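Let me begin by presenting the structure, written as structure tokens, before commenting on it.
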Amino acid sequence: MNICVVALGKIGLPLAVQFAAKGHRVIGADVNEKVVELVNAGTEPFPGEHDLDVKLKRAVGEGLLSATTDTTAAVAQSDAVVVVVPLFVDAEGVPDFGWMDSATEAIAKGLRPGTLVSYETTLPVGTTRTRWAPMLEAGSGLTAGADFPLVFSPERVLTGRVFADLRRYPKLVGGIDEASALHGVEFYESVLDFDAREDLPRPNGVWDLGTAEASELAKLAETTYRDVNIGLANQFARFADQSGIDVKKVIEACNSQPYSHIHQPGIAVGGHCIPIYPRMYLWNDPSATVVRSAREANAAMPEYAVDLLAAAYGDLTGVNVLVLGAAYRGGVKETAFSGVFPTVEALTARGAVAYVSDPMYTAAELTAHGLTPHDGEKVTAAILQADHAEYRELTPADLPDVTVLVDGRRTTDPEAWQGVRRVVIGG
Ligand SMILES: NC(=O)c1ccc[n+]([C@@H]2O[C@H](COP(=O)([O-])OP(=O)(O)OC[C@H]3O[C@@H](n4cnc5c(N)ncnc54)[C@H](O)[C@@H]3O)[C@@H](O)[C@H]2O)c1
């Protein structure tokens, strides 16, 4: 097959490499010239994706993968087009389709009868049928379904381990009609391999969800579930704080029974996905009060962590406070919707002076994110925001003037902090 992957980002590039590794000829289309140049040179444009460097070099070296900025021309040569251009959502959950619209217009111009189009970007329910189908039809003069198969197939992998996750998770597909779904299933079966999994109700592989809408909802539901679950854990944690209960022990105990899967409470839910997709879901279903409350509960946690600090330390006016961790989670160099921002904001609102350090970021990088890097200033209080592995080894000797540490992720070793007031969420 000739396959076009539209957008060579953290998801699109590993996908393109995977399809090439299965022996197909793949053209990656991206608007970023630098990305295209690097891919054509067999050089990965971003670090951190396991095995990508080796597999990319091999695919390019074998002549199976090339990149271009000309999406229309790439689509015109392809039997299947996989689209994984990002979609953005504002604070109110309103999607900004700008990048995806322009990609779809470029695809439409090159679309030929019979070419499968599969959208993998997480979308509000209904987008494939009501937005992409008409746009593709208008630009190509073809009819979706009758002339070309159209499916939605959400990408469920985690960056850093894309190749392993592609084998591990069933590939969900939903068509705008039955024939589209059949094409989609056949396509993904020829480009992916799956690990055997005893724990699933059906064999691991490509699962047809029946409609594009069901497939769109599956991705929003699995991510929203996590936000709601964390929201519940955070409410238990706040109650535990009032009641002198250690919520961690309670959650461990609950989860020893197979029907309980309570997640961990913590200072913040960050990243591109978990804080965003519930808002996208709410855009579809504004009556989802459970989803809305959980989002509010999670969004309030950075402020709550600062409340805990103030309760233990006293007035924070003029106090130098160090926020440990700019990344939204440990070991990932990504600040999208990171808890660092609302934590710094809540500290500043109380008159504290907030400094930030992170083992993955240079001072210049922190400054570029609008944060004040810690450069040896005397700090007397600290809040741990990201669960970087390095912080497991953190001791009071590293922060000699700190009298209160709020560990927002329970990452530090309680034994090591015995001489200093160490406060945890739900502890
Ligand atoms: N990153 C994740 O962890 C993750 C996980 C699962 C699913 N996803 C889904 O994948 C989507 C893409 O995420 P990502 O992390 O790969 O994004 P990314 O930011 O790494 O890359 C996006 C790429 O899209 C390119 N692009 C922008 N407009 C384009 C256009 N009109 N035509 C062609 N290319 C264009 C950019 O130049 C960039 O290279 C997300 O929106 C999400 O729905 C992401």
In nm², what is the average projected area of the convex hull enclosing the Cα atoms of region 168-213?
3.2
Measuring from a point 7 Å past the Cα of V420 along Cα-to-C-beta, which residues in region 378-405 have an amide N at less than 15 Å?
378-386, 390-405
Please report, largest first and rounded to whole Å, the three semi-axes of the ellipsoid equivalent to region 210-369, where each semi-axis is the square root of five times an eigenvalue of the C-alpha gyration tensor.
29, 21, 15
Principal axis box of region 31-93, alpha-carbon based, largest edge first, Å
46, 32, 20
Over every pair of different alpha-carbon atoms in region 107-193, take the mean of 1/r and invert it; report that Kirkwood radius in Å.
13.5
How many angstrom separate the Cα center of region 226-278 from the Cα center of region 7-55?
37
Can you tell me the 0 to 90 degree angle between the C-alpha axis of helix 340-349 and the longest principal axis of the chain, rounded to 10?
40
What do you get for chymotrypsin sites (Phe, Trp or Tyr not before Pro) in region 254-316 restricted to DSSP loop and a cutoff of at most 12 other Cβ within 10 Å of the site's Cβ?
Y259
Check V356: other-chain or 5+ apart residues with amide H under 5 Å from its amide H, H built from backbone geometry?
V323, T372, H374
Kirkwood hydrodynamic radius of region 32-153, from inverse mean 1/r over distinct Cα pairs, in Å:
15.8
With +1 at each Lys and Arg Cβ and -1 at each Asp and Glu Cβ, the charge dipole magnitude of the chain around its Cα centre, to the nearest 20 debye, comes out at 420
Loop-resident sites, region 61-159, for GluC sites (Glu not before Pro), counting at most 13 other Cβ within 10 Å (DSSP):
E62, E92
How much of the DSSP beta bridge set in region 2-210 is antiparallel, as a percent to the nearest 5?
15
For region 190-196, in order, what is each residue's ³J(HN,Hα) by Karplus, 6.51 cos²θ - 1.76 cosθ + 1.60 with θ = phi - 60°, in whole Hz (x at glycine and Pro)?
8, 10, 10, 10, 10, 6, 5
Per-residue SASA entry for S287, accessible area with 1.4 Å probe, Å² rounded to 10
90
For region 2-210, convex hull volume per residue from C-alpha positions, Å³:
121
What stretch of the chain, leaving out the sites themselves, is the longest with no trypsin sites (Lys or Arg not before Pro) in a DSSP loop having at most 15 other Cβ atoms within 10 Å?
23-160
Would you mind working out the accessible area per residue for region 221-426, using a 1.4 Å probe, and quoting it in Å²?
46
Ratio of the Cα radius of gyration of region 1-49 to 2.2 N^0.38 Å, where N counts its residues
1.04
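Explain nothing, just the number: relative contact order of the chain, from Cα pairs under 8 Å at least 6 residues apart, as a whole percent.
RCO, the chain: 11 percent.
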Please list, ordered by chain and number, the residues whose modelled amide H lies under 5 Å from the amide H of R421; skip anything fewer than 5 residues away on the same chain.
L405
Binned Cα-Cα distances of region 232-326, short to long, each 10 Å bin given as a whole percent
13, 35, 35, 15, 2
Please work out how many pairs of lysine residues in the chain are eight or more positions apart (or on different chains) and have Cα atoms closer than 19 angstrom.
11
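Would you mind computing the Rg to Rh ratio of region 299-427 from its alpha-carbon coordinates, Kirkwood style for Rh?
That ratio is 0.92, to two decimals.
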Please report the carbon-and-sulfur percent of the accessible area for the chain; probe 1.4 Å, protein heavy atoms only, DNA, RNA and ligands left out.
53
Pulled fully out, how much extra length does the chain show between D193 and V31, if you take 0.36 nm times their separation in residues and subtract their Cα-Cα distance?
55.4 nm
Using only the alpha carbons of the chain, determine the length spanned along each of the three principal axes and report them from longest to shortest in whole angstroms.
70, 45, 39
Determine the relative contact order of region 221-426: mean sequence separation of Cα pairs under 8 Å and six or more apart, normalised by residue count, in whole percent.
22
Residues whose modelled amide H sits under 5 Å from the amide H of T121, counting only those 5 or more places away in sequence or on another chain, are V85
√(5λ) per eigenvalue of the Cα gyration tensor, region 169-303, largest first, Å:
35, 19, 11
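The values are calculated or read from the model by the stated rules, or taken from the named source; none is laboratory data. Given the structure is predicted, the values throughout are model-derived calculations rather than measurements. Positions of Cβ are generated from backbone atoms using ideal geometry, with glycine treated the same way; all protein chains shown enter the neighbour counts. Each accessible area value is taken on the protein alone, full model and side chains, heavy atoms only, with ligands, DNA and RNA left out. Shrake-Rupley method; radii C 1.70, N 1.55, O 1.52, S 1.80 Å.
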